[in-house]
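Report on the structure given below.
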Amino acid sequence: MTPISRRGFVGLGASVATGAAVGMGARPAAAAGTGATATGTIADVRHVVVLMQENRSFDHYFGRLKGVRGFDDRSGITLAGGRSVFDQPNGGGRQYPWKLSSTPAAGGQDGETLAQCNGDLPHSWTSQHSAWNKGRLDNWVAGVGNVRTMGYLDRSDIPFHYALADNYTVCDAYFCSALSATGPNRTYLWSGKVDASSYDGGEESGLTWQNYAEALQAAGVTWKVYQNAQDNYGDNGCAYFKKFAAAKAGDPLYDRGMASVPRVTGSTPDDIAAAIKADVLAGTLPRVSWVVADQASSEHPYAPPGDGAHFVDLVYRALAADPGVFDSTVLFLNYDENDGFFDHVPPPAPPAGTAGEFRNGVPYGLGFRVPMLVISPWTRGGWVSSEVFDHTSVLRFLETWTGALGTPAACPNISAWRRKVTGDLTGVFDFTQPVYGVAPLPATSVIGYDTCGPLPNPVPTTNALPAQEPGTRPARALPYQPNGHLERLEFGTSGKVLAWFTMTNQGGPARRAAHFSLHPGAYRDTVPWQYTVDAGGTASDSFDIGAGYGDGRYDFSMTGPNRFLRRFTGDATKAGKSAEVRCRYATEPGTGKTAVYFTMSNTAALAVTFTVTSNHYRGDGPWTYTVAAGGATEDFFNAVAYQNGWYDFTITVDSDASWSRRFTGHIETGAASVSG
């Protein structure tokens, strides 16, 4: 393996304890023992613990997890040339995601050990933006510089992480904050922004704006960072700030933000867990805690994920030392950035010129998806949330929660755009239906950092799209209702043809902005355009598909949240130029259920036959409609009745084989649903 590239390694302590399986079921509500009457609101939360681990992408950890937006995503974007986003260029060939532990035994170790010991990848501002490639998402191997970018782990490799997802709530639209490295993303977590001094992944220092811990201090909200300052891998975001770095013993910024936990065992993971447990049992656990691991427990490549699982388990069991504390605590387990590991979902990006979101014309983020698990009594049950979040969402949850407690602590640094397109994480919870007690989680143990070196890195042995675990999971309601269509073709002079697109975010659930992007698949520069559409709002834009831009040919994909996809193909010089389809959501007559409606119009001089084909979710059809010259017809399809609001239809016409319209998405009702 190559040497550690980012920070020096501080040796692993002597901890070799093995975690026993935690709990065998939930306690009834009456046994919660919180000492307070439940209100069924966010005010029932008494403690928030934030444990940010290192450098794993969502697909890298959870691409195979059932019921999430992983490897079976039928709404993935299409790369230039018509390839799936999962089928990435690799020099003169291609490469799909591949399982790290499938590598044959080497260096005296089996494939499972090699996967646990996989080395890190480039993940700087430059390499992350190169992989992103202005939103094309087609440069992972070259941009990162290693085919290991496509490597993944699954349930057999990280059983504890999968068990957390199966018992609690996993967020499959949680993005890191910056297309950059650890430091900037942790700066977002601790303060809500970065700037030109802290964007590129260097060792941040001397930052002068307000850290959120200062806001808590000013509001009288207790807080603490649990760490070993000499063995924290540089991951304490408080240390990046000038006031904290200059603080001395006796100053709360030092005592709570910079000091170390007591040395009890000589093992950093065990000492941190012991400090948390002691505060839990003494009734002194702060309202807000940040937990910072040592390198060996951080899950940063070179550090086995199994050791990270053991550390998370230690923290989990420390919180469970007092049932009343455990039953009133939210534990956020997230990851600072993706370490260059592949993820297939394009991150929302700000429109050009958005205040506070660009450096020299290049956006800070959002970055790629990373794992986020929300562990609490109000998130039990194996749920998925597909609401768009980033690291600033944790701060916004704290804003909302401290406000509900009457001690508001605001974060003034989060940009207006991030507040529009990312949520505050409250939609992940159901405070009216807590399930108290610890969950049945598998045992963990320490693999050992020393096991991992020197060993060869894994290499791919397969090249096919991996199968995702079958099945669905309950899904939280979302606060938007995306829709969109190709409005019309507008013919001008000198061969100019404009394709007009409309994007809407309307309907009962639409109470927050939705992010859309338009991806040209061919015939012109394939950089996507980015749009933010307010709740109840509409956005329109046009693009020349005429002379010099395909000479009438076009292929556009429109993407949005929660697997929303529209794809439009055709040729403005052919008969399909007179056909169009508009989509809307409305109540189906006689049922009260919301359906997707298609209006098919024909401005040609001859009749046209439209065919609607279900690609997924429904097994009936196809349906055909003959539309007279100058006429239109409409029909509806009850997606709610067939597949919990999911739909996926392609519409074609008999007069033009190049013409097609695909409509994929989910009808939001404001209620919980099922994953697609």
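The values are calculated or read from the model by the stated rules, or taken from the named source; none is laboratory data. Since this is a predicted model, take the numbers as computed values, not measurements. Cβ: placed from backbone, ideal geometry, glycine included. Neighbour counts: every protein chain shown. Remember, those area values only see protein heavy atoms, side chains included, never the ligands or the DNA or RNA. Shrake-Rupley method; radii C 1.70, N 1.55, O 1.52, S 1.80 Å.
When the stretch 621-645 is filtered for residues that are in a strand (DSSP E or B), open to solvent by less than 40 Å² (accessible area, probe 1.4 Å) and over 21 Å from P589 (Cα atoms), only V627 remains.
Looking across the stretch 81-114, just one residue is among the basic types (K, R) and either surrounded by 19 or more Cβ atoms within 10 Å (Cβ to Cβ) or at pLDDT below 90 (or both), and that is K99. Within the stretch 466-488, residues that are in a loop (DSSP other than H, G, I, E, B) sit with their Cβ atoms under 7 Å from residues that are β-branched (V, I, T) and surrounded by fewer than 22 Cβ atoms within 10 Å (Cβ to Cβ), at 6+ positions apart or across chains, in these pairs: T472/V674. State whether the residues of the stretch 528-546 include one that is in contact (Cβ under 8 Å) with a residue 12 or more places away in the chain, farther than 17 Å from P351 by Cα and buried (at least 20 other Cβ atoms within 10 Å of the Cβ). Scanning the stretch 528-546, I find at least one residue that is in contact (Cβ under 8 Å) with a residue 12 or more places away in the chain, farther than 17 Å from P351 by Cα and buried (at least 20 other Cβ atoms within 10 Å of the Cβ), so the answer is yes.
From the list R64, R56, the lone residue that is open to solvent by 10 Å² or more (accessible area, probe 1.4 Å) and either touching a strand residue (DSSP E or B) at 6+ places or on another chain (Cβ under 6 Å) or among the charged types (D, E, K, R) (or both) is R64.
Does the stretch 372-395 hold any residues that are of a type in the set (D, E, K, R) and more than 14 Å from N334 (Cβ to Cβ), and which are they? Those that are of a type in the set (D, E, K, R) and more than 14 Å from N334 (Cβ to Cβ): R380, E387. None of V370, V330 is under 14 Å from the mean Cα position of the chain (by Cα) and open to solvent by less than 10 Å² (accessible area, probe 1.4 Å) except V370. Looking for something in contact (Cβ under 8 Å) with a residue 40 or more places away in the chain, out of contact with any Asp or Glu (no Cβ under 7 Å at 6 or more places or on another chain) and under 15 Å from L51 (Cα atoms) - is there at least one such residue anywhere in the stretch 239-254? Scanning the stretch 239-254, I find no residue that is in contact (Cβ under 8 Å) with a residue 40 or more places away in the chain, out of contact with any Asp or Glu (no Cβ under 7 Å at 6 or more places or on another chain) and under 15 Å from L51 (Cα atoms), so the answer is no.
Given the criteria in contact with a strand residue (DSSP E or B) (Cβ under 9 Å, 6 or more places away or on another chain), outside any loop (DSSP other than H, G, I, E, B) and surrounded by 16 or more Cβ atoms within 10 Å (Cβ to Cβ), does T650 qualify? Yes. Scanning the stretch 447-456 for any residue that is among the hydroxyl-bearing types (S, T, Y) and in a loop (DSSP other than H, G, I, E, B) turns up nothing. Between N644, N615, N602, the distinction of being polar (S, T, N, Q) and at positive phi belongs to N644 only. The sole residue among D120, D157, D138 that is touching a Pro at 6+ places or on another chain (Cβ under 6 Å), in a loop (DSSP other than H, G, I, E, B) and at negative phi is D120.
If we keep just the residues of the stretch 262-313 that are open to solvent by 10 Å² or more (accessible area, probe 1.4 Å), in contact with an Asp or Glu (Cβ under 7 Å, 6 or more places away or on another chain) and aliphatic (A, V, I, L, M), which is farthest from A443 (Cα to Cα)? Looking at the filtered set, the residue picked out is L285. Number of residues in the stretch 474-508 that are open to solvent by less than 10 Å² (accessible area, probe 1.4 Å) and more than 19 Å from V581 (Cβ to Cβ): the value is 4.
Restricted to the stretch 574-620, and to residues there that are modelled with pLDDT under 95, part of a loop (DSSP other than H, G, I, E, B) and touching a helix residue (DSSP H, G or I) at 6+ places or on another chain (Cβ under 6 Å), the residue that is most open to solvent (accessible area, probe 1.4 Å) is K593.
Quick test of your reading of the structure: T461 fulfils all but one of (1) open to solvent by less than 60 Å² (accessible area, probe 1.4 Å); (2) within 30 Å of F71 (Cα to Cα); (3) more than 21 Å from the chain's Cα centre (by Cα); (4) of a type outside the set (K, R). Name the failing condition by number. Here T461 meets the rest and fails (1). Are any of the residues in the stretch 347-365 of a type in the set (F, W, Y) and more than 28 Å from S675 (Cβ to Cβ)? So far as the stretch 347-365 goes, yes, one or more of its residues are of a type in the set (F, W, Y) and more than 28 Å from S675 (Cβ to Cβ). In the set (1) in contact with a Pro (Cβ under 9 Å, 6 or more places away or on another chain); (2) of a type outside the set (A, V, I, L, M); (3) open to solvent by 10 Å² or more (accessible area, probe 1.4 Å); (4) part of a loop (DSSP other than H, G, I, E, B), the condition left unmet by W417 is number (4).
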